[in-house]
Amino acid sequence: MKTLRKACRVTPRLDPVKSRQPAGNSGKAEQNPSALEQGLTYWRNQAWFLLAQVRERDAAIAAQASQEQAVRDEIARLQTECAALGSAAERSRDQNRRVQSAFATADAARSRAETEALQEREERRALETRMTQMDSALKQQKALIHGLGQALKAAEERAQTLAQQVEAQATAGVLPPAAKVWHPFDVKVARRA
């Protein structure tokens, strides 16, 4: 149960700022969607593993209820035998005390089982809700990364075009040679200069 609560509290923190890359490093930004997919797959597998444990616990509770019914049947049989042994009053009183104790134990066990089953169902619903939130967050991050990739690609294209224009103007003598030394969007212009 502690493991289940811990899994519910864990949320992958995705930082859009870290996914931004300067011009010429777009390959690293394109690797982020794969890492996000792997992270989601890991947490989804963990969640299904915990859900399987919850189902196993539900089956164990059902088996315990069956055992409790068998105990009640045994108690009823003992009560019948005690009624047939009316000549042994003291033994009958002891037997009745044991029967009452067994009923109290069975009721307490059933109450605990019902409480635990209710808690397990609530935690399972919370985990399913958390998984839905994680899926939604992943979709938002993927959309943001895609938008950043498109913006980076457009910036690279603009930088390349501007660099070509600056180089052509410098070659034509419109700009002084110093204008070819640095370009804010593409370092390759400075290297060629």
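Computed from the coordinates by the stated procedures, all read-outs in this text should not be read as laboratory data. Treat the numbers as computed from the prediction; the structure is a model and nothing was measured. All Cβ positions, glycine included, derive from the backbone under ideal geometry; neighbour counts span all protein chains shown.
Observations, loosely collected:
- Each label point was placed 7 Å from the Cα along the Cα-to-Cβ direction; for F103 and K142 their separation is 6.0 nm.
- Centroid-to-centroid separation of region 113-157 and region 49-83 [C-alpha atoms, Å]: 39 Å
- The gain in end-to-end length when the Q38 to A89 segment is fully stretched comes to 11.2 nm, 0.36 nm per residue minus the alpha carbon separation.
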